[in-house]
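Working notes, structure below.
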Amino acid sequence: VPNDPNVRLLEEPAKRYGVITFSGFGSQAMMAQKSEELRTWLLGKKLTPMGAPIYASYDPPWTAPFLRRHEVWLALAAPAKP
């Protein structure tokens, strides 16, 4: 249980995501570019992205840009049942 009343834990059902990782600056323009690259790659693999991308950055601002790690996640539609 969190000791901060502003923190809430939510249970979410399992989902599948397509993810692209990159380093450097995580600017809004770069996130948009990587989102489009991921979407194009997923469609090429016959996977259906859905919803808005989720952006994740893991390093503090003083980390050298070439060492910073960022990710863009796109949820995937459930595969069609035969």
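The values are calculated or read from the model by the stated rules, or taken from the named source; none is laboratory data. In this text, all values refer to a predicted model and were calculated from it rather than measured experimentally. We work out accessible area using only protein heavy atoms, side chains counted, and drop any ligands, DNA or RNA first. Shrake-Rupley method; radii C 1.70, N 1.55, O 1.52, S 1.80 Å.
For this structure, a couple of remarks:
- In the full protein context, the chain carries 80 Å² of accessible surface per residue, based on a 1.4 Å probe and ignoring ligands, DNA and RNA.
- Per-residue [θ]222 nm for the chain (sum of -39500 (n - 2.57) over DSSP H runs n ≥ 4, rounded to 500): -7000 deg cm²/dmol
- List Trp41, Trp62, ordered by accessible area with a 1.4 Å probe, largest first: Trp62, Trp41
- Shape of the chain, Cα gyration tensor, a/c cut at 1.5: oblate
- Computed over the chain: relative contact order in percent, which uses C-alpha pairs under 8 Å that are six or more apart: 41 percent
- Between Pro49, Pro61, Pro13, the residue with the greatest mean-square fluctuation in the GNM of the chain (Cα pairs under 10 Å linked by springs) is Pro13.
- In terms of its alpha-carbon gyration tensor, region 37-82 comes out prolate; a/c meets the 1.5 threshold, and the first ratio a/b outweighs b/c.
- Ordered by 1.4 Å accessible area with all protein chains kept, Phe22, Phe66 run largest first as Phe66, Phe22.
- The chain, accessible surface, carbon-and-sulfur percent (1.4 angstrom probe): 60 percent
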